[in-house]
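Have a look at the structure below, then the notes.
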Amino acid sequence: MPEKVLISGATGFIAMHTVERLLAAGHPVVGTVRNPDAAEKVAPLRAMDGADPLLTLVAADLNDPDPFTAHADVDVIFHMASPFATDMPDPQRDLVDPAVNGTLAMMRAAAANPRVRRVVLTSSMAAIMDEPDDEVKTEAVWNTRSTLRRNPYYLAKMRGEQVAWAFMQAENPAFDLVVLNPFIVIGPSHTAVLNPSNGILAQIINGSFPGVLDLAWGFVDVRTVADAHIEAMRRPDAEGRHILTANPMSMADVCAIIEDLGYGAKMPKRNLTGGLATALIKLASYTQPKGVGSYMRTHLGRSPKIDNSKSQRALGIRYSEPRETIRDALEDMARWGHIDAAE
Ligand code: NDP
């Protein structure tokens, strides 16, 4: 009998791919959403193969005092809900509080339901690294630099993960905790909503960047991230944190792929990767919204060094070629009208 699963934030970009896999494998799924009556938003979930009768949608908001206990009579929990944005009017209230309080609420809900055997938490590479530097990032590393002023989304993800591990240590509950730390998740979406991570590609293509900057990113296919959640649930020996990313690539390499795939018509081609251009763009970043500005100042001119071997070893993850993931993401974004179709 397939195990019953609770997944928070079921309407999310990564969550929908995960729900699809759970239903295909016959798991009864309870998905939490902010508003189950938002017909248009939940339509792609309800339309999935197996959703009737396997999927139940319930209301839960991370800001509620106890959003999850009533729904946690399940074997496994995926805690994915978290605000995902770089800029919010009040980063403590809008990013950190829901991330931390939501995770704590889920941990308490799991502890209150003896049936729960495992919680899989969707953390982030942001909990490991604020800005790239010379250190090779492994699962042993923690982000210690983000603050409410500097990359506040990173701070929220770091604190959100920290409280989960602190809960495990303090309460020694009957369930275990497995954490996934994806870098930038891109790929096809079940909805017309443009996820901020796919949004990076759309911004490049639509000309939001002044040219090719000295930036580098680690991308991971959303379907790989969904697979990793399933593996994290299924593998009895899964433990600890797992970085999820293909090898980092420069913006120049990303732009070359975009060009080659025929999406480069509006893309500024100026090469701004030199030292002087980078210094000027850092200066100009002070005119950007706070979150964007701090991201630029901490990431320009640096390439992340990441060891992704644990995910391959422990979860059997095989990273697809970045070109394939970028191609599928772009085809899908064109389908939803976020970018022009390839020429
Ligand atoms: P989405 O924004 O698509 O999904 C986030 C989900 O969280 C949505 O379902 C959203 O609900 C829900 N949510 C946000 N705030 C609240 C709240 N106050 N109460 C209840 N639910 C809330 O993002 P992703 O799918 O990309 O992200 C899923 C998880 O993966 C997040 O934890 C994110 O931090 C993490 N992650 C994402 C990465 C990426 O590149 N995309 C990289 C690393 C980690 P609603 O639909 O109502 O807004």
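The values are calculated or read from the model by the stated rules, or taken from the named source; none is laboratory data. Computed from a predicted structure; not experimentally measured. Quick reminder, even Gly has a Cβ in these numbers, built from the backbone with ideal geometry, and neighbours come from all protein chains shown. The protein model used for the area step is the full one, side chains on, heavy atoms only, and it has no ligands, DNA or RNA in it. Shrake-Rupley method; radii C 1.70, N 1.55, O 1.52, S 1.80 Å.
Which members of segment 21-54 meet the condition of being among the hydrophobic types (A, V, I, L, M, F, W, C) and either within 11 Å of the ligand (Cβ to nearest atom) or within 29 Å of Asp94 (Cβ to Cβ) (or both)? Walk me through how you get there before you give the answer.
Within segment 21-54, the subset among the hydrophobic types (A, V, I, L, M, F, W, C) is 22-25, 29-30, 33, 38-39, 42-43, 45, 47-48, 51, 54.
Result: Val29, Val30, Val33, Ala38, Ala39, Val42, Ala43, Leu45.
If you take the residues in segment 172-197 that are in contact with a strand residue (DSSP E or B) (Cβ under 7 Å, 6 or more places away or on another chain) and β-branched (Val, Ile, Thr), which one is farthest from the ligand (Cβ to nearest atom)? Walk me through it before giving the result.
Residues of segment 172-197 that are in contact with a strand residue (DSSP E or B) (Cβ under 7 Å, 6 or more places away or on another chain), as a first pass: 175-187, 197.
Add one more test, that the residue is β-branched (Val, Ile, Thr), and what stays is 178-179, 184-186.
Details: Val178: 14, Val179: 11, Ile184: 5, Val185: 4, Ile186: 7 Å.
Per the criteria, the residue is Val178.
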Open item on the list: Can you say whether Val163 is modelled with pLDDT of 95 or more and either farther than 20 Å from Asn247 by Cα or assigned to a loop (DSSP other than H, G, I, E, B) (or both), as far as the supplied structure shows?
Closed with: yes
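Among the residues of segment 58-83, how many are of a type in the set (D, E, K, R) and within 12 Å of the ligand (Cβ to nearest atom)?
The qualifying residues number 2.
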Task: Number of positions in segment 306-318 that are more than 16 Å from Ile230 (Cβ to Cβ) and either crowded, with 17+ Cβ neighbours inside 10 Å or hydrophobic (A, V, I, L, M, F, W, C) (or both) - done: 3
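Condition check: open to solvent by less than 10 Å² (accessible area, probe 1.4 Å) and touching a residue at least 40 places away in the same chain (Cβ under 8 Å). Does Asp130 satisfy that?
Details: open to solvent by less than 10 Å² (accessible area, probe 1.4 Å): yes; touching a residue at least 40 places away in the same chain (Cβ under 8 Å): yes.
For Asp130, the condition - open to solvent by less than 10 Å² (accessible area, probe 1.4 Å) and touching a residue at least 40 places away in the same chain (Cβ under 8 Å) - is met.
Can you find, within segment 1-20, the residue that is farthest from the chain's Cα centre (by Cα) among those that are away from the ligand (no atom under 14 Å from the Cβ) and open to solvent by 10 Å² or more (accessible area, probe 1.4 Å)? Walk me through how you get there before you give the answer.
Initial filter on segment 1-20 (away from the ligand (no atom under 14 Å from the Cβ)): 1-5.
Keeping just the survivors that are open to solvent by 10 Å² or more (accessible area, probe 1.4 Å) gives 1-4.
Numbers: Met1: 30, Pro2: 26, Glu3: 24, Lys4: 23 Å.
Here the answer is Met1.
Take segment 82-118 and flag every residue that is open to solvent by less than 20 Å² (accessible area, probe 1.4 Å) and within 9 Å of Ala156 (Cβ to Cβ). So that I can check it myself, show each step before the final result.
Within segment 82-118, the subset open to solvent by less than 20 Å² (accessible area, probe 1.4 Å) is 95-96, 98-99, 102-103, 105-107, 109-110, 116, 118.
Of everything in segment 82-118, those that are open to solvent by less than 20 Å² (accessible area, probe 1.4 Å) and within 9 Å of Ala156 (Cβ to Cβ) turn out to be Leu95, Val96, Pro98, Ala99.
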Open item on the list: I'd like the full set of residues that are touching a residue at least 60 places away in the same chain (Cβ under 8 Å) and of a type in the set (Lys, Arg), limited to segment 12-52.
Closed with: Arg21, Lys41
TODO: Examine segment 161-171 for a residue that is more than 13 Å from the ligand (Cβ to nearest atom), surrounded by fewer than 22 Cβ atoms within 10 Å (Cβ to Cβ) and within 27 Å of Arg318 (Cβ to Cβ), and state whether such a residue exists.
DONE: no
- [ ] Please go through segment 24-66 and pick out each residue that is open to solvent by less than 20 Å² (accessible area, probe 1.4 Å), closer than 22 Å to Val193 by Cβ and not aliphatic (A, V, I, L, M).
- [x] Gly31, Thr32
TODO: Go through segment 127-143 residue by residue and tally those that are within 17 Å of Lys310 (Cα to Cα) and within 13 Å of the ligand (Cβ to nearest atom).
DONE: 3
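Taking the stated definitions as given, is Thr144 at pLDDT 95 or above, closer than 30 Å to Thr287 by Cα, open to solvent by 40 Å² or more (accessible area, probe 1.4 Å) and not hydrophobic (A, V, I, L, M, F, W, C)? Steps first, please.
On the way: at pLDDT 95 or above: yes; closer than 30 Å to Thr287 by Cα: yes; open to solvent by 40 Å² or more (accessible area, probe 1.4 Å): yes; not hydrophobic (A, V, I, L, M, F, W, C): yes.
Considered against the rule, which asks whether it is at pLDDT 95 or above, closer than 30 Å to Thr287 by Cα, open to solvent by 40 Å² or more (accessible area, probe 1.4 Å) and not hydrophobic (A, V, I, L, M, F, W, C), Thr144 comes out as yes.
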TODO: Give the residues of segment 84-102 that are in a loop (DSSP other than H, G, I, E, B) and either at pLDDT 95 or above or near the ligand (Cβ under 9 Å from one of its atoms) (or both), sorted by residue number.
DONE: Phe84, Ala85
Task: Residues of segment 166-192 satisfying the condition of being of a type in the set (Val, Ile, Thr) and within 23 Å of Met106 (Cβ to Cβ) - done: Val178, Val179, Val185
Task: Residues of segment 274-321 satisfying the condition of being among the β-branched types (Val, Ile, Thr) and within 20 Å of Trp217 (Cα to Cα) - done: Thr278, Ile281, Val292, Thr298, Ile306, Ile317
- [ ] Pairs only if they're at least six apart or on different chains, beta carbon under 7 angstrom, first in segment 170-196 and over 30 Å from Met333 (Cβ atoms), second within 10 Å of the ligand (Cβ to nearest atom) and in a strand (DSSP E or B); list them, first residue then second.
- [x] Leu177/Leu121
TODO: Residue by residue through segment 298-343, note down the ones that are touching a helix residue (DSSP H, G or I) at 6+ places or on another chain (Cβ under 8 Å) and on the phi > 0 side of the Ramachandran plot.
DONE: Gly301, Gly316
